[in-house]
Every structure is written in structure tokens, then in C-alpha cells.
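Bear in mind that the values in this text are calculations on the coordinates, not laboratory data. Please read these numbers as outputs of a predicted model, since none were measured by experiment. All Cβ positions, even for glycine, are placed from backbone atoms using ideal geometry, and neighbour counts span all protein chains on display.
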Amino acid sequence: MLKRINSMLLLMTILTITACSKEFLDTKPTDSISAGDALASASNLNLVLNGLHRQMYAQSPLAGGSSSRAGEHYWIPLDDVITGSLIHSARANGWMSSDLQWLSHTDENSLTVDQLWYQRYHYIASANAIINQVEELGLAVGPDISNVLGQAHAYRAWAYLKLVTHYAKGYIIGNPATDPGVPLLTSTESPYESAPRSTVAEIYTQIETDINQSITYFQDASAPENKSHLSINAAYGIKSRVALSKGDWQTAAEAAVLARDGFPLLNESDWLSGFYTTNLSEVIWGGTLIDTETTYYRSYFYLICPTFNGSQNRGNPKLINK
């Protein structure tokens, strides 16, 4: 009997050692992906892009941030508040009151200033990684890779446009050739340090190079899967915005016509439908939210909609400045 037990123990030991050999161990985490794997194929590059799409509306902030400043549902109305286009009707629930009073965005230590900067460079770093990896791996540029590169270049152009228009003197009112802009970063090598501020003109040169390259790639790209993905129409829309900020009205008009091609204006019933979906004919690029990942109380509607019974509007309906 003792001999039989010893034999069984020996067998169990052998099985344990064999089962724990390197070949049988799963050495990769199940909740993350290594940088090498993330950038190894067209399908994986799309996963990186999907992360950027989601970050546009995600409630969870990037490292060191605040959930109240986590997505475009915060940054879009912020610009309306700072410029005085959106005002408060009462003192109750003073969401963005410090921005409305020009106290937050003028304080270099505020989360508003820090997070807008950090999030835009997060998009730039991700776009850099995609663009540089495709070149380093020598991936064949077919329809799928063209789609990936078109979106990456468009994201980088969009992010730099947001940065230079928020942290530098306006192109029209300043001297672009000498005004300090923002650091221009296009590499992905360590030690990942920042660079000196490039001039506003240099940043615009990079933006225009990127958006034109994006449009070129999109011309040979596979169709976007849904409207949360950037497309050639969205790229033309960004190009129009860039031209508007420079006072280049002709280019802005021409790009705007191309951006809306295939996206007819809404009829009356669509205007009254509630804007609950990106399937509306005028939507070129928009966040396609799913129920399990909704932003709940951080949604754009919750913050400004006068007919939504939320705490931010119940005692302080927001108004459009006449």
C-alpha cells in the first residue's frame, strides 16, 4: 500500500513539473497586450485605433486625470463656455463655472490645462507608434493598412490642431513664423522626452502634411466600419477646420463641400428625433456608444440639455448667448 502511494505521489510530481513547464504556461496577461503585439499586424493596429475612438467619449480618465474631464463631451462645451457662447442661468450646480469666469484655463496648475494637453499628446503618441511601426515593419500598404494610416495621420492632425489653437496665439491674430506653438513630436524612441516649442507655423505645416497624407491614404482604403472611425469625409472636415483657423476661406469652403459629400442635410423629422444615434444623415464622425460603456452622468446631454432632468440642469439651465 505504501509503495502504491509513493508511486502515485511520484506520478503527481511528474505531472506537476510537466504541466508547469515553459511550453504549458500562459506568460501573457489576459487584460492587456504588449507594445510589440499591439503593433504587429493590421488587425492589432485597428485595436489601438479602437482605443482612441473610445477615449473620445470614455468616462474613465487617462493616468492622473479626472473623470469629469475624460472625453470630448467635456472639451467641446468647454470651448463654448470659455468663449462666452454658453452661459449659466443660475448659481446652482456650477459645472464649469471656474472656466466661465476664466479662472481655470488661465491657471497653469489646473486640471483643465493639464488634461487637455496630456490627452492630446496621448493621441499623438499613439498615432506616432502606428505610423512609425508600419514603416519599420515594411507592411504592405493595401486597403486595410491604408485605412489604418489614414486614421492615424488624421488623428495626429486633429490633436495638433487642438493643441496649437488652445496653447498658442491664434494664427490670424499673431505672427505664426515666430510665435511659440507646442512641442512637435513624431518619433517613438526612448527616452520619450518632450521637445522645445516649435513655432505656430511649423505646427501648422505638420498638421497640413498629416491631413493631406490622410486623405491620400483614405482614397485607397477600405470603408470605415462605423461612424466612430475616421473616414475621408472626416479628414476633409478636419482640413476645413484647419483652413478656417488660418483664415484660408477658399480651402475651407472647398474642403467642407468634400466633407459633406454623401451626407445630406436632415429633414424636419430627423431634427426632432432627439439626436440619439450617429445614423442620422448629417453625422460624418461621431461616437457610437454602447449601453455597457455609456458615460452616464458625464454625457454631453446631461451637462447642457435644458430638457433633461439632471442635477446640472434642474437648477441651472444652460443658455446660448444671444
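Here are some notes:
- Put simply, the Cα atoms of region 159-221 extend 38, 34, 17 Å along their principal axes, the longest span coming first.
- 15 Å Cα-Cα reach of Lys318 towards aspartates and glutamates, excluding residues that sit fewer than 8 places from it in its own chain: Asp79, Asp80, Asp99
- Rounded to the nearest 20 debye, the dipole size of region 191-308 about its Cα centre is 280 debye, using +1 on the Cβ of Lys and Arg and -1 on the Cβ of Asp and Glu.
- Whole-Hz ³J(HN,Hα) from phi, Karplus 6.51 cos²θ - 1.76 cosθ + 1.60, for region 168-184, glycine and proline x: 9, 5, x, 4, 6, 8, x, 10, x, 5, 10, 5, x, x, 9, x, 9
- Model label sites at Val283 and Ser187, defined 7 Å from Cα along the beta-carbon direction, differ in position by 4.1 nm.
- Here the 3J(HN,Hα) profile of region 234-248, calculated from phi with Karplus coefficients 6.51, -1.76 and 1.60 at θ = phi - 60°, is 5, 5, 5, x, 5, 4, 5, 5, 4, 5, 4, 5, 8, x, 8 Hz, Gly and Pro shown as x.
- The aspartates and glutamates whose alpha-carbon is closer than 13 Å to the alpha-carbon of Lys239, local same-chain residues fewer than 8 away aside, are Glu208, Asp210, Asp248, Glu254.
- For Val182, the amide hydrogen comes within under 5 Å of the amide hydrogens of Ser198, counting only partners 5 or more places away or on other chains and with H modelled in the peptide plane.
- Alpha-carbon centroid distance for the pair region 191-226 / region 257-289, whole angstrom: 26
- Packing-based ranking of 274-285, 222-233 yields 222-233, 274-285, ordered from highest to lowest mean Cβ neighbour count within 10 Å.
- Sites Leu47 and Ile76, calculated FRET efficiency, Cβ-Cβ separation with R0 30 Å, nearest 0.05: 0.70
- Hz values of 3J(HN,Hα) by residue in region 134-143 - Karplus curve (6.51, -1.76, 1.60), Gly and Pro given as x: 4, 5, 5, 7, x, 5, 5, 8, x, x
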